[in-house]
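Derivation of every value follows stated rules applied to the coordinates shown; laboratory data play no part. Because the structure is predicted, anything quoted here is derived from the model rather than measured. As a convention, Cβ positions derive from the backbone with ideal geometry for all residues, glycine included, and neighbour counts pool all protein chains shown.
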Amino acid sequence: MIGFLSILSPIEDILTWALEGLHTKLGLTWAWAIVALTISVRMLLVPLTVRQIHSMQRMQEHLPEMKAIQKRFKNDKRKQNEELMKFYKENQINPASSCLPIIPQIPIFFALYFVLRDFDDEIYPLYPESSLSWLGFVPDITANITSDWSGYVLLAVYVASQVASTWFMPTQNRSQRVIFLILPFVFAFFILDPPGGTVFPVGLLIYWMTTNLWTVGQGIVTRGLRQKAMPEPVKRSSRTPPKSEETDGGTPAEATETPSAPKQAGQPRKVKRKKKRGARR
């Protein structure tokens, strides 16, 4: 725990410097500075997101082969995992890629928690004339979420945005998707009944709502680009002959032309004989 807090200390300094810069240089309120900071963080994570999307696309392309491996070694889980890991490595697939953009945000979230927790004592005295309200109905972004009715509204919006962002996550793992759907409800229950009098500032919800809305917008854009990139299925007309089917032995059957008129049963075939040319005298 001490090691984790030592990692958070420089991140807290960077966040404090960034928030003060957005407030003093751009004239943003503290709440909008948090929104701008969140967007900046997500922009820095775009390369990880692109890598995540490409990895999930490769996983989707090789999904039949992965299912075949699972079926082949269904009675030997150890061998199944070994073969899947080998398959992932050969095809450059990262099964944990759906978590890549989330992992870097975890220390940022905790660091922002400590920054907002000590905001009244360390930052706000330097800017006593600044406003801590947001959108006219949130009186204080450093106050506890449950201290005002606006906090409950933001908590409901957070849960809805988290559920919406989960649907746009490019993951084929159903268990991962279920976990991400359950997490916001667990987090909301934890906020409403915190252990040991823990205070959760409203600013944390502003950060998390903003990143969820970014995920939703990003998912809509990437899905649209993915559909445009997919080739359209070839429409087969009635004149187009069907593809040759495989026989029981696994070899393709020869394609036969459909005669214009059916031959009558019992009708002898006419065999064309080549005329022998007589030798020249």
- Item | In Å, descending, principal axis extents of the Cα set of segment 17-110 | 62, 24, 17
- Task: In whole Hz, with x marking every Gly and Pro, tabulate ³J(HN,Hα) for segment 198-204 from phi via Karplus 6.51 cos²θ - 1.76 cosθ + 1.60, θ = phi - 60°.
- Result: 5, 9, 10, x, 4, x, 5
- Which translational diffusion coefficient, to the nearest whole µm²/s, is obtained for segment 74-159 from the Stokes-Einstein equation, given a Kirkwood hydrodynamic radius over C-alpha pairs, 20 °C and 1.002 mPa s? 124 µm²/s
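Return the ratio Rg/(2.2 N^0.38 Å) for segment 4-61, where Rg is computed over Cα atoms only.
1.55
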- Item | Where only C-alpha atoms are counted, convex hull volume of segment 117-174 per residue in Å³ | 137 Å³
- For S55, what charge total do you get from the other residues with a beta carbon under 13 Å from its beta carbon, if Lys and Arg give +1 and Asp and Glu give -1? +2
